[in-house]
Every structure is written in structure tokens, then in C-alpha cells.
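In what follows, a single structure is set out as C-alpha cells and then discussed.
The values are calculated or read from the model by the stated rules, or taken from the named source; none is laboratory data. All values derive from a computational prediction rather than experimental measurement. Cβ sites come from the backbone with ideal geometry, for glycine too, and all protein chains shown count toward neighbours.
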Number of protein chains: 2
Amino acid sequence: MAEQHAAQSRPAQPGPAQPHIPRPGPYAGRPVGSDREALAVAIQEARDGRAGGGVPIGAALVVDGEVLASGHNQRVQLASPILHGETDCLANAGRLPASVYARATMVTTLSPCDMCTGAILLYGIPRVIIGENRTFYGAEDLLRLRGVEVVVLDDAECVALMEEFIAAEPDLWNEDIGEE
Amino acid sequence: MAEQHAAQSRPAQPGPAQPHIPRPGPYAGRPVGSDREALAVAIQEARDGRAGGGVPIGAALVVDGEVLASGHNQRVQLASPILHGETDCLANAGRLPASVYARATMVTTLSPCDMCTGAILLYGIPRVIIGENRTFYGAEDLLRLRGVEVVVLDDAECVALMEEFIAAEPDLWNEDIGEE
């Protein structure tokens, strides 16, 4: 098992890591006038992720009424265990000063896991919009405890995206939440 | 300010994101017989990071008595807000089954921030070795509360690395912990 894994994760000749170029995504600059409009961007990211063979969870970082960056889970597409919807979105936004995070809302289709909750707390993002928390209940209570405003929209399309995915690819889903 | 940031983070023609190739790092496969030996690998990663112009925080994932992967903070080198020592290490390790994380120890030169704490919790890593928590006290109490074994080695070299860095680049450090 360890041998098998070792072979899998140690390519003989990995190239040098490439500097990350901020990629705010196809929805950057879109004005959003409501929480539902903001969620629509995250849902489109989730759909884009699913269309690319991945986990259908999307996110958007909204600042001053427009999308600053968006992203989606990249476990499959980029073989990354740390690029969930929210963290991919933060990576796509690039390095930002605290003053920008302080005006930001993180919008995500699914209740944020421990890691993404921690990322939101690290950067002091004061508001989080969650599409749904029925198929997975993350660490949103910790967000509330730390003073973050959490809005759960209980969106039927977000639920449907996850239900379809979990039924189709339970192993991938369990890997993504550290359970398999 | 917002305009200035927008210009900075939205290149006109970003290329497509590159699939992440697991890069377990130069110390993968090294046997470690003690917590201090494990920390020495994380310290070497921190030094490597500092030598590359970055934040001197390093990490290693130890499984079954050897280094599975290592990494260091890549805020400067890869312009990433989500690649701290621990998350870079997890990214370098690639996709792993829960059974591997369950046997793992995360070794880090500095008390883990909220995000890295969350990543450790997400993947159910049961043991964390921390070089020092004098220059920054992260969310290690949450780790303990959630049943993770936390060992703080209070290592003088880890303290010295951070003290030198914080004195030399306070703005960069404050950006990295979301305070500036």
C-alpha cells in the first residue's frame, strides 16, 4: 500500500513548479446586486467543474459589488488536495491586502469544510454566503463563533448538483472530505 | 485602491492552469527516527524558502517513519495566498487516501494558522509537530480540542528564522497572516 502510493506520488522527473498567475476566472468583473446573483456565479463555477470531470463545488469572491475572482474544486483537474472551491477562488484572486479581504464576501455552493473555513478566518473575510448545507455540513458554526456573518440560501440547484455527484462518484467525494 | 488591485490581479491573457504534478520535494524518502529529525527537514524547507526570497516556514509530512513530502510557504515564489508551509506540503504530496493521512504526522516550523489547522483537520492527520509558537500562535488549541496530538519543540532555530524574517520584512509577514 505504502509502496503503491509512493510510486504514484513520486514522478521520476517532475518539472519545476510554475509561478501561479492570478486567474480571476471568466466571471471576474461581473456586477452582482444580490446574494442570489452572487450565488449564481458560484453555481456556474460548480457546473464548470463538473463539466470538467471534477467535484461540483464552486466559489466566488465578491468585493464592492462585483466578482473579484471565482474558482472551483480542482481535485481531479489539477490533482490537488488543497484546491477546494473556496481555496481555488482565493488562489485565483492572487495576493491581496487585508483591506480587500475586509470588504469581501466569500460565496460558495456548499458549506465550507474545515480547511476552507480556516482560509476564510485567516484572511478575515467577514461574510460568507452558502448555497446549501444539507449534503455536507462543514465548519460554518466556527465561522459564526468567530464573528463571520453566514447566510445559508438553501438553494435547490446546489443540493441537486451535490446529490447527483455523490450518487455518481461516492469514492471521489469521500476522498475530497478526507473520509476515504 | 480597488482599481489598483484590479489591474494587478487580472492579467490580460492568463494561460490555462497547469495540472499539478505531485512534487514530494528533495527530502522525500528520508527516514526520520525522531521528532527532532523530522523537524530538521521542515527547517531545511524553511531555509530553502527564505533562500528563494520567501517566508521561512517549512513543513514535512511523515508517514511510516519517512518523509512522504515536504514543502514551504510559496506566497512570494508562486504568488499564492494559499500555499503556506503545510498546505504546500499537502499539495506536493498529491491526492492521498484517508488511510495514509491517518498514519501521518505533519511537521511544521511554526504554529499552524487557521487555514493550515483546518487542512490538518480536514484530512484527519492525527499528530502535529510544531517547531515553535513564540513568534506566532496559530490555531493549535483547536487541533487539541479536536483530538490531534500536538508536540511543540520550542526550537531555537525556528524562532531565529522567524525573528530575522519578521524584522526584515514586516509587511510581507503581516500580509501572510492576513493582517495587512
With respect to A:LEU142, determine if the residue is touching a Leu at 6+ places or on another chain (Cβ under 8 Å), buried (at least 17 other Cβ atoms within 10 Å of the Cβ), part of a helix (DSSP H, G or I) and in contact (Cβ under 8 Å) with a residue 12 or more places away in the chain. yes
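With the structure loaded, tell me whether B:GLU45 is in contact with a strand residue (DSSP E or B) (Cβ under 6 Å, 6 or more places away or on another chain), farther than 22 Å from A:GLU175 by Cα and more than 10 Å from chain A (Cβ to nearest Cβ) or whether it fails that test. Spell out how you get there, then give the answer.
Working: in contact with a strand residue (DSSP E or B) (Cβ under 6 Å, 6 or more places away or on another chain): yes; farther than 22 Å from A:GLU175 by Cα: yes; more than 10 Å from chain A (Cβ to nearest Cβ): yes.
Judged against the criteria, B:GLU45 is a match.
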Only one of these is among the hydrophobic types (A, V, I, L, M, F, W, C), within 12 Å of another protein chain (Cβ to nearest Cβ), closer than 23 Å to A:ALA156 by Cα and touching a His at 6+ places or on another chain (Cβ under 6 Å): A:CYS116, A:CYS89. Name it. A:CYS116
Test set (1) in a helix (DSSP H, G or I); (2) touching a helix residue (DSSP H, G or I) at 6+ places or on another chain (Cβ under 9 Å) - A:VAL151 fails condition number: (1)
Is it true that some residue in segment B:126-136 is within 14 Å of chain A (Cβ to nearest Cβ) and among the basic types (Lys, Arg)? no
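Here are B:GLY53, B:GLY49: which of them is modelled with pLDDT of 95 or more and at positive phi?
Values: B:GLY49 fails: at positive phi.
Unique residue meeting the criteria: B:GLY53.
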Given (1) over 28 Å from A:ARG95 (Cβ atoms); (2) of a type in the set (Gly, Ala, Ser); (3) within 7 Å of chain A (Cβ to nearest Cβ), identify the lone condition not met by B:SER80. (1)
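When residues of segment A:69-84 are filtered for being touching a Leu at 6+ places or on another chain (Cβ under 8 Å) and of a type in the set (S, T, N, Q), how many remain?
Let us first name the residues in segment A:69-84 that are touching a Leu at 6+ places or on another chain (Cβ under 8 Å), namely A:69-71, A:73-76, A:81-82.
Next, from what is left, pick out any that are of a type in the set (S, T, N, Q): A:70, A:73-74.
Qualifying residue count, segment A:69-84: 3.
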Meets criteria (surrounded by 24 or more Cβ atoms within 10 Å (Cβ to Cβ), within 13 Å of another protein chain (Cβ to nearest Cβ), β-branched (Val, Ile, Thr) and within 27 Å of B:PRO97 (Cα to Cα)) for B:ILE57: no
Report yes if some residue within segment A:92-112 is within 7 Å of another protein chain (Cβ to nearest Cβ) and either crowded, with 24+ Cβ neighbours inside 10 Å or of a type in the set (Lys, Arg) (or both); otherwise report no. yes
